[in-house]
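Enquirer: What follows is a single structure, and I will ask about it in a moment.
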Amino acid sequence: MRNYTYLGGARFSINNLYRSLRFDIDRLDMSWVDDEKPEFTRGLRVVDNDEINTVTVDGEDADNLIYSLTYIYGKQDGADNFRAATDEYLKVALETKEFLVSRQKKDPEGKPKTEESVIH
C-alpha cells in the first residue's frame, strides 16, 4: 500500500490512525510545492470499505472526529469493544455528517443511532 494520494492535484502523505474490518481513518498532510494554495490542505479521510465511500474532513469536523474517537476510547473496555463502538459511531457520522459523538441522537422510534454506552 502506498503512503500518499492525490486530491485536487496536490500530493498528500497518508498516516493511518484507525483501522477496523469496515473503516479506515487516515491523517492527510499535504506536500505542497505549487504557486497556488489548494482549498484542502490538511485533514482526515474516512474510508468505508463496505459501502465503497470516502469522505475527507477538515477544520471543526476533523476536530470533532478526533475528539469523538478519544471519547469513545475512554468509555470502552478493550480493543474489540472500542472497534465495535467506533464502527457504530462512524456509520451514523457518515450518514448524518455529524462528527461530534455527543450530538448524535436517537431516531424517532427511540432506537439509538450509536451504542448507548458510547454516549452515556
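Enquirer: Every residue in the stretch 72-86 that is at negative phi and surrounded by fewer than 18 Cβ atoms within 10 Å (Cβ to Cβ), please.
Expert: Tyr73, Gly74, Lys75, Asp77, Ala79, Asp80, Asn81, Ala84, listed by residue number.
Enquirer: Output the strands (runs of 3 or more DSSP E) that fall wholly within the stretch 1-71 and possess 1 or more residues being under 16 Å from the mean Cα position of the chain (by Cα) and of a type in the set (Phe, Trp, Tyr), or say none.
Expert: By residue number, 10-19, 23-31.
Enquirer: Here's another thing I want to ask about it. For the stretch 6-25, which residues satisfy the criterion of being touching a residue at least 12 places away in the same chain (Cβ under 8 Å) and more than 24 Å from Ser102 (Cβ to Cβ)? Outline the logic, then answer.
Expert: Keep residues of the stretch 6-25 that are touching a residue at least 12 places away in the same chain (Cβ under 8 Å), which gives 7-15, 17-18, 20-25.
Leu7, Gly8, Gly9, Ala10, Arg11, Phe12, Ser13, Ile14, Asn15, Leu21 - these are the residues of the stretch 6-25 that are touching a residue at least 12 places away in the same chain (Cβ under 8 Å) and more than 24 Å from Ser102 (Cβ to Cβ).
Enquirer: Being closer than 15 Å to Tyr89 by Cβ and either open to solvent by less than 40 Å² (accessible area, probe 1.4 Å) or touching a strand residue (DSSP E or B) at 6+ places or on another chain (Cβ under 6 Å) (or both) narrows it down to one residue among Tyr4, Tyr18; which is it?
Expert: Within the list Tyr4, Tyr18, the selection yields Tyr18.
Enquirer: Starting from residues that are open to solvent by 40 Å² or more (accessible area, probe 1.4 Å) and touching a Ser or Thr at 6+ places or on another chain (Cβ under 9 Å), keep the ones in the stretch 87-102 and report whichever is modelled with the lowest pLDDT. Please lay out each step first, then the result.
Expert: Of all residues in the stretch 87-102, those open to solvent by 40 Å² or more (accessible area, probe 1.4 Å) come to 88, 91, 95-98, 102.
Applying the additional criterion that residues be touching a Ser or Thr at 6+ places or on another chain (Cβ under 9 Å) yields 88, 91, 102.
Details: Glu88: 93, Lys91: 93, Ser102: 87.
The residue in question is Ser102.
The values are calculated or read from the model by the stated rules, or taken from the named source; none is laboratory data. Bear in mind the structure is a predicted one, so any value in this text is a computation, not a measurement. Glycine gets a Cβ as well: all are built from the backbone with ideal geometry, and neighbour counts include every protein chain shown. Accessible surface areas use protein heavy atoms only, side chains included; no ligands, DNA or RNA. Shrake-Rupley method; radii C 1.70, N 1.55, O 1.52, S 1.80 Å.
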